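Right, one structure below, let's go through it.
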Amino acid sequence: MLADRMDQLAWLASPSGSRYWFNKRWFDYTGKSYGEVRGWDWLCVHHPDHAERVEAGLRNCLERGEPWEDTFPLRRWDGSFRWFLTRAFPVRDEDGVVRRWFGTNTDVTRQIEAEQALRDAAERFEVEASARAALLAQMDEGVIVTDPDGRITFINEAAKRLHGVDQLDIGPEEYSDTYNLYTEDGRPYPHEQLPLARAVMNGEVVSDARWRIRRPDGREVLAIGSARPFWDAEGKLLGAVLTVRDDTARNAAEAALRDLNATLEDRVAETIREREVLGDALRQAQKMEAVGQLTGGIAHDFNNLLTIITGNLDMLRRALAEGAEPRVRRMVDNALTGAERAASLTQRLLAFSRRQPLSPRRVDMDALLAGMSDLLARSLGEMIDIRTVSSTGLWPVEVDANQLENAILNLAVNARDAMPGGGALTIETANVTLDEAYAARQAEVVPGDYVVIAVTDTGAGIARDTLERVFEPFFTTKDVDKGTGLGLSMVYGFVKQSGGNVRLYSELGQGTTVKIYLPRMTWAGVDEGKATESALRARPGQCETLLVVEDDPGVRAYSVELMRELGYNVLEAHDGPSALGMIERHGAPIDLLFTDVVMPGMSGRDLAEAARRLQPGLPILYTTGYARSAIVHGGRLDPGVDIITKPFTYDGLAKRLREVIDRTDGEVSS
């Protein structure tokens, strides 16, 4: 902002002189775009009669690393030229190496025109003193005219104001002592270095000389000016003209701009560091999302396979007579146990990939932890000292209570395994507010109010180089055969799907803390207590007619067989259009539509909507291997949706079917 408000054109150049930054005044004046003037292309705005000289002078200063000053015309946006005093300073690092050049261009057109007018007047005709005074009195720049001996013969009003006097009647040899003239670095000018003395005595042209003027009133002025001798037609020296102006404000602005440049460099460096942190967080989130999509797809296919495996094993076990050979029954039981473990792993994969259907409710966190106390004590054993620290006025959260219990239990078991010799486990709750600065450094975190659950152990801790991988599926720090590597992955996916965040802090030998942040619930609701066993029991069907729609032949065959075994009349279809045709052709109403969610062509949601247009109020029970947008949005089941997840068992399906059918019958009868 400071640079753009300067009267001067300002720019920065590389050590080789290639310009890479200009202030707004430069672009406003030249009418050029950044791409037209960067590098050495800025010479396009120079007057062709001066470009070669200017370039040579600049390169000479670049080679010597010395400041550059020159006066030359620059092309304006309308094609006209104005004269500018150009100054460039090398900016060096602590080792003295030039890192960049800082330059300004100051419009001195009026000064040049005044000098040219005086020279023309001196060359062509003798100017009357009164006419000359009238002309120069109107100028903003100070003008001093001397005779060949250096005595001042004329001084305009601007020069008097600059020096703070009514008249200058001294010679060049008296300048230093009378007015205390100094170089920019504070050293007094030697007499032979005075711009006026050099111009007068030696007939030299001095451009852009600077000195400090100590005025009689005590004020110090930094002045800048030029001295030019003039001759008569025969070449006789007639005197010199000195043009001078107050340069204090511009130098202060340049100093402020240099300071601002240094400050901006520091801020840019800090911004780059912050962006690197954000980039790491984004890459980690993208990696977790990619792994989640892969595991979600695999889990979906596994669920279909496990439905067939566990279902048929369950049917085989029920089909075996009580007197069957124990070895055969044991083999079936072992196979079922393995299939159930595989189903549990699949559910954890779905949790990590955020594909499990959630049923969030209003939860009082402290009440939930109190209800888990016995479960935690039994799971962790007597060698673990469990401590719970709650906060007064804890906010409620909206979350799936069963999944939250599983997540806390997973963290507690991990903590127990990290303390094989025993230790302390602390579960602490608190209200926190995450501000925008914190959220900006974390992936998928929204600023706002949260309830944090911190699970802290006094175990061995986790090495720093493995911290960033702890939430990846199948990655574990435990010994072989002592962990699946899916516990923390499940916690990560569940919390992210619930709109929260997970952070893990650990030091070797000091223990580990896992913090779960869940969004504060801002609307009233009924507290969700600890999950209880459904009062429903597996009851047989009552000759109701069910329509099963499933594109996987194995899953469809198992589902149909199971429902017929439960006492239902079953119709089956492999896709949505076939199912709709059956509803239209069937003489009596269908008592329940049992449909997969993910099917080619027409999804389960589309089928349900079309079926209810044919039979309003038709009860519908969805089945799925993982959550999709058809019935789940933002990780939550849509209101009024009933679902049973794959793989399902005989008892589980029996309960859900009766629950949906009986509830619908009650609604109709009421």
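The values are calculated or read from the model by the stated rules, or taken from the named source; none is laboratory data. These numbers were taken from a predicted model, which means no experiment stands behind them. Note that each Cβ is placed from the backbone with ideal geometry, even for glycine, and that neighbours are counted across all protein chains shown. SASA here: full protein model, heavy atoms, side chains in, ligands and nucleic acids out. Shrake-Rupley method; radii C 1.70, N 1.55, O 1.52, S 1.80 Å.
Some points to look at:
- Within region 42-55, the only residue that satisfies the criterion of being assigned to a helix (DSSP H, G or I), open to solvent by less than 60 Å² (accessible area, probe 1.4 Å) and more than 21 Å from TYR20 (Cβ to Cβ) is HIS50.
- Inside region 589-617, residues that are more than 48 Å from the chain's Cα centre (by Cα) and open to solvent by less than 50 Å² (accessible area, probe 1.4 Å) make up a count of 3.
- Filtered by the rule that a residue be modelled with pLDDT under 65, β-branched (Val, Ile, Thr) and closer than 20 Å to GLU550 by Cα, region 619-670 gives ILE631, VAL632.
- Residue list for region 445-486, restricted to those being at pLDDT 80 or above and part of a loop (DSSP other than H, G, I, E, B): VAL446, PRO447, THR458, GLY459, ALA460, GLY461, ILE462
- Contacts under 8 angstrom Cβ, first residue in region 638-656 being open to solvent by less than 20 Å² (accessible area, probe 1.4 Å), partner outside any loop (DSSP other than H, G, I, E, B) and modelled with pLDDT under 80, 6 or more apart: LYS646/ASN303; LYS646/ASN304; LYS646/LEU306; LYS646/THR307; LYS646/THR624; PHE648/THR307; PHE648/GLY311
- The number of residues in region 421-439 being open to solvent by 20 Å² or more (accessible area, probe 1.4 Å), within 21 Å of GLY461 (Cα to Cα) and not small (Gly, Ala, Ser) comes to 2.
- For THR392, the requirement of being polar (S, T, N, Q) and open to solvent by less than 10 Å² (accessible area, probe 1.4 Å) is not met.
- Answer residue from region 236-253, given it is modelled with pLDDT of 70 or more, part of a helix (DSSP H, G or I) and open to solvent by less than 70 Å² (accessible area, probe 1.4 Å) and is farthest from ILE152 (Cα to Cα) among those: ARG250
- Once region 8-41 is narrowed to residues that are in a loop (DSSP other than H, G, I, E, B) and more than 20 Å from VAL97 (Cα to Cα), the residue that is least open to solvent (accessible area, probe 1.4 Å) is ASN23.
- Scanning region 510-530 for residues that are surrounded by 13 or more Cβ atoms within 10 Å (Cβ to Cβ) and modelled with pLDDT under 80 gives GLU528, GLY529, LYS530.
- Applying the set (1) part of a loop (DSSP other than H, G, I, E, B); (2) surrounded by 15 or more Cβ atoms within 10 Å (Cβ to Cβ); (3) of a type outside the set (A, V, I, L, M) to GLY567 leaves exactly one unmet item: (2).
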